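Data first, discussion second: the structure below is written as structure tokens.
The values are calculated or read from the model by the stated rules, or taken from the named source; none is laboratory data. Values in this document were obtained by computation on a predicted structure and should not be read as measured data. So basically every Cβ, Gly included, is an ideal-geometry build from the backbone, and we count neighbours across all protein chains shown. Just the protein is used for accessible areas: all its heavy atoms, side chains included, with ligands, DNA and RNA removed. Shrake-Rupley method; radii C 1.70, N 1.55, O 1.52, S 1.80 Å.
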Amino acid sequence: MKGGWNDERMPRYVTRGATLLFGLMALSLMAVLVVGAWPLLREPRPLTNLMSPLWSPLTHRFGLVPFVAGTIAVTVMALGLAIPVGLGTAITLARLMPQTLQPAGVKLLTVLTAVPSVIFGWWGLLVVVPWIRGQVGGPGFSLLAAGVVLSLMLMPTFSLLYYQALRAVPSRYQEASDALGASPDQTLIGVVLPCAFPALVQGLFVGVARALGETMAVQMVIGGQTLMPKGLAAPGATLTTQILTDVTVFPQGTRGHAVLDLMALLLMVAMYLLVRAAERWGTRS
Amino acid sequence: MMAPTVRCDQLSVWYGRHPALKSVSLSVQAGEVLALIGPSGCGKSTLLRAINRLLDEVAHIRIAGNVWVDDEDIYQKGVDVTTLRRRVGMVFQTPNPFPFTIFNNVAYGLRLTGKRTQSELRRVVEASLTKAALWDEVRGKLARPALSLSGGQQQRLCIARALAVEPTVLLMDEPTASLDPLSTARIEDLMGQLKGQYTIMMVTHNLRQAARVADRTAFFAKGELVEVGLTRQIFTAPSDRRTEEYLTGRYES
Amino acid sequence: MGWVLALFCWCSGAWLTPSRHLTVAGATGSLAYLRRAAADFEKTYPPNTVALSGGGSIAGLVEVSLGRVDIGISDVAPQRQWTRGVDLSSLALGRIPLLIIAHPGVGVSSLSTATIRALYSGQVTSWAQVGGRPDPVVVMTRPLSSGARQVLQAKLLGDRPMSPDAVVVLSNGAMLAAVQETPGAIGFVESGIVPSRVALMAVGVTQFHSQDGATWPYAVTPTAYWKKSSSVWVRLLAEFLATRPYRRAFGLYPRAS
């Protein structure tokens, strides 16, 4: 054989192998979830059970509606809080801070993204939950608390992604805008943000993925109530937190475990649909 | 003789400690095309960016001396940079239309000054594209992305964008450096048409282009203005040895 | 992903059997004690080694039934759906008192069994209804898999289902913190001593004191389970774990005889 290990095709084999391995892992994960959820899907009229608002796993009532509602509410709140702050931070860092200070800011944000979610959860327990209790009464454990804690977890991520998106806008566009007499704000709104828009949308979906998947910090402050949430300041649960609380009760092979697999599958499908939507949106702009 | 539109007096610029322009004094008459030639790094582009104060955006810059545009001392306190830049348009080395539609590129500068009616915008966009000799090629396609145009068309679009805000001075920084010969020829034709209506300062490395387009030519070396004069005189009988060496390809910076 | 884990365990088990490597998995509550006792066992009976892992009570029962670990530690009684009918021997490690606690501001210091039932099933919604201040009741519970929750259900609530309004907190420590901080909260903790900054409820007329660990009627009982067909070493390890004198330091009380 010519070349042997020094063959210039080596890198290609390595990258192909890695891609193949990754694909296999993703597929087998999907397969495990589908196989796990299969006993439930095969039952007569599974949707009637799954689409009810009643979760009582010990009596085989597997209504997922409260968790879907909780997941959507928490994610929307977290994004609604994290995106404006993240974008503001990114703009401050990329456009107002002196060039020499920017690397320090980026380092700080990178460190913050690595803070374990349990830390955010504890902080939520000690600060956010009592604060909400003080404002609206009730236990304080709530969808709102989860949204606030999650938004704080997401802010560094959004700030970093948006900072990179803004920095990626070619300086020649800004120069053109400057030369036409635009003020810095006009350049930001008229050129930089529109040019960065596809990257901003990409960043949004990375954030959504993190929000949908986050479990520990949310569980610590959400209250874990399996009823249809009575309001944003009321306790609730998300798909992921309910998987976390119930996964140890239902060993593999039980019906309860099939539901948990289905919940995980549901999250993956939802994320896939969002990414597809993002792609279509991205190509249109 | 008309009063000069642009006048520099003892203009010096430093990037940090590095001097980029050394005490340059130069006048540009209204409606003429002045070519700025010289080896790379001689300060030509710096001079252009001093005239619309685009240098202000550069970190660690220091500027001394005076620049007058239309009798206004532009480095005086209280000068409105926005108004200045609307009077002094600029076209860059690489075509840099925004990734918007053709229409929105030309309308961008107009919208900066506040509300204008749609019909007014349409009128100015058409007029500007016509002046930039692009209208016939893009008529009916104004909603298309600007980046779908060819490089030469993109550069003419940038010229239209600059003309839309009705400047009196046009700064062109090697406007054909990244274009093919045919596109270059069209831009040169266009400059011939614009001559007289606008005061044009053009940086170029293409000596033939300077000879074809410019009324007068200024030769720069190492941040200094070596000599300036009628293009024909500079090219045929330069008074400085360095100019002659540069024109004959023997100059070493 | 279970089969990957199974394959891994099977392989490692097959290789390591000759050096008598014993594995223990299950309830996380008694892990601190087990860590100490396992080290002790290795010192007493070389060259045996013991590997510990968590996973929870039910995982412990499942794993031991499937033969993936030698001993499963569980706070909850085995059910057929977890053990698949495998015959298991058992030995209790001790008992951890289960205490009913409330936020110090509720103005109540004892509750009858019936009242606890009414509170936990959601029938009583204000502490005023049971002689306390007019604070709304916030019921705190733990996940279904919690041994403490199962003891509460079996010994105090009986067949009355727990209110779905209950706030679910993940761990014993989180429960204590949540009840300390939340006005109107009622909850339960596993503790050998009187917990601080909460109102400890007497159940009926019985009040818990820190020396009552062995006799308090409500307790979680972490228990070691192993297959009847296991080797003598497994049985020896289980007995060793169930008899260490320093169990009390970890909140584990021997059963009152």
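Do we have C:Q180 as polar (S, T, N, Q), in contact with a Pro (Cβ under 9 Å, 6 or more places away or on another chain) and closer than 27 Å to C:L93 by Cα here? No: the conditions fail for C:Q180. For the residues C:V198, C:V205, C:V234, C:V168, the requirement of being under 30 Å from A:A217 (Cβ atoms) and either in contact (Cβ under 8 Å) with a residue 60 or more places away in the chain or open to solvent by 60 Å² or more (accessible area, probe 1.4 Å) (or both) singles out C:V198. Taken over the stretch B:149-207, the criterion of being surrounded by fewer than 22 Cβ atoms within 10 Å (Cβ to Cβ), within 14 Å of the chain's Cα centre (by Cα) and among the basic types (K, R) is satisfied by B:K195 alone.
Restrict the check to the stretch A:218-236 and report whether at least one residue is within 26 Å of A:T48 (Cβ to Cβ) and more than 12 Å from chain C (Cβ to nearest Cβ). No, the stretch A:218-236 has no match at all.
For the stretch B:33-61, the candidate set comprises residues that are of a type in the set (S, T, N, Q) and at pLDDT 90 or above; within that set, the residue that is surrounded by the fewest Cβ atoms within 10 Å (Cβ to Cβ) is B:S45.
Restricting the first member to the stretch B:130-143 and to residues that are hydrophobic (A, V, I, L, M, F, W, C), and the second to residues that are open to solvent by 80 Å² or more (accessible area, probe 1.4 Å) and in a loop (DSSP other than H, G, I, E, B), the beta-carbon pairs closer than 8 Å and six or more apart or on different chains are B:V138/B:R144. In the stretch A:38-51, the condition of being under 15 Å from A:L227 (Cα atoms), open to solvent by 50 Å² or more (accessible area, probe 1.4 Å) and not small (G, A, S) is met by at least one residue. In the stretch A:196-216, is there at least one residue being in a helix (DSSP H, G or I), in contact (Cβ under 8 Å) with a residue 24 or more places away in the chain and within 14 Å of chain C (Cβ to nearest Cβ)? For the stretch A:196-216, residues in a helix (DSSP H, G or I), in contact (Cβ under 8 Å) with a residue 24 or more places away in the chain and within 14 Å of chain C (Cβ to nearest Cβ): present. Looking only at the stretch B:48-82, residues that are in a strand (DSSP E or B), within 14 Å of chain A (Cβ to nearest Cβ) and closer than 17 Å to B:P167 by Cα come to 1 in all.
When the stretch C:128-148 is limited to residues that are in a helix (DSSP H, G or I) and more than 14 Å from chain A (Cβ to nearest Cβ), the one that is surrounded by the most Cβ atoms within 10 Å (Cβ to Cβ) turns out to be C:V130. Cβ separations smaller than 8 Å between residues 6+ apart or across chains give the following pairs from the stretch A:16-44 residues that are within 13 Å of A:L260 (Cβ to Cβ) to residues that are aliphatic (A, V, I, L, M) and outside any helix (DSSP H, G or I): A:V32/C:M1. Restrict the check to the stretch A:157-167 and report whether at least one residue is in a helix (DSSP H, G or I), free of Cβ contacts under 8 Å to residues at least 40 places away in the same chain and among the basic types (K, R). No, there is no match, as no residue in the stretch A:157-167 is in a helix (DSSP H, G or I), free of Cβ contacts under 8 Å to residues at least 40 places away in the same chain and among the basic types (K, R). Listed conditions (1) without any contact (Cβ under 8 Å) to a residue 60 or more places away in the chain; (2) out of contact with any strand residue (DSSP E or B) (no Cβ under 7 Å at 6 or more places or on another chain) are all met by A:T245, apart from (2). Of the residues making up the stretch C:46-82, just one is part of a loop (DSSP other than H, G, I, E, B), of a type in the set (S, T, N, Q) and out of contact with any strand residue (DSSP E or B) (no Cβ under 7 Å at 6 or more places or on another chain), namely C:Q79. There is no residue in the stretch B:87-110 that is surrounded by 15 or more Cβ atoms within 10 Å (Cβ to Cβ), basic (K, R) and in contact with a Leu (Cβ under 8 Å, 6 or more places away or on another chain). Checking the stretch B:16-31 against the condition returns a match, with at least one residue being β-branched (V, I, T), open to solvent by less than 10 Å² (accessible area, probe 1.4 Å) and more than 27 Å from A:Y173 (Cα to Cα).
Give the stretch C:175-184 a look and list any residue that's within 7 Å of another protein chain (Cβ to nearest Cβ) and not in a loop (DSSP other than H, G, I, E, B), or say none. Result: C:A177, C:E181. Scanning the stretch B:157-184 for residues that are within 26 Å of B:G41 (Cα to Cα), of a type in the set (D, E, K, R) and not in a loop (DSSP other than H, G, I, E, B) returns a single hit, B:D173. All of A:S183, A:S171, A:S177 fail the test of being under 15 Å from B:V81 (Cβ atoms) and surrounded by fewer than 20 Cβ atoms within 10 Å (Cβ to Cβ), apart from A:S183. Failed condition for C:S53, given (1) at pLDDT 90 or above; (2) open to solvent by 10 Å² or more (accessible area, probe 1.4 Å); (3) in contact with a Ser or Thr (Cβ under 8 Å, 6 or more places away or on another chain), with all others met? It is condition (1) that C:S53 fails. In the stretch C:81-105, the residue that is farthest from the chain's Cα centre (by Cα) out of those that are surrounded by fewer than 23 Cβ atoms within 10 Å (Cβ to Cβ), in contact (Cβ under 8 Å) with a residue 40 or more places away in the chain and within 14 Å of chain A (Cβ to nearest Cβ) is C:G105.
For the condition more than 14 Å from chain C (Cβ to nearest Cβ) and either closer than 25 Å to A:M77 by Cα or open to solvent by 40 Å² or more (accessible area, probe 1.4 Å) (or both), A:L188 does not qualify. Against the test of being more than 14 Å from chain C (Cβ to nearest Cβ), at negative phi and at pLDDT 95 or above, the options A:S183, A:S177 yield a single qualifying residue, A:S177.
Take the conditions open to solvent by 40 Å² or more (accessible area, probe 1.4 Å) and under 29 Å from B:L36 (Cα atoms) and apply them to B:T113. Does it pass? Taking the combined requirement at face value, the residue does not satisfy it. If only residues of the stretch A:115-158 that are within 23 Å of the chain's Cα centre (by Cα) and among the polar types (S, T, N, Q) are counted, the one that is farthest from the other protein chains (Cβ to nearest Cβ) is A:T157.
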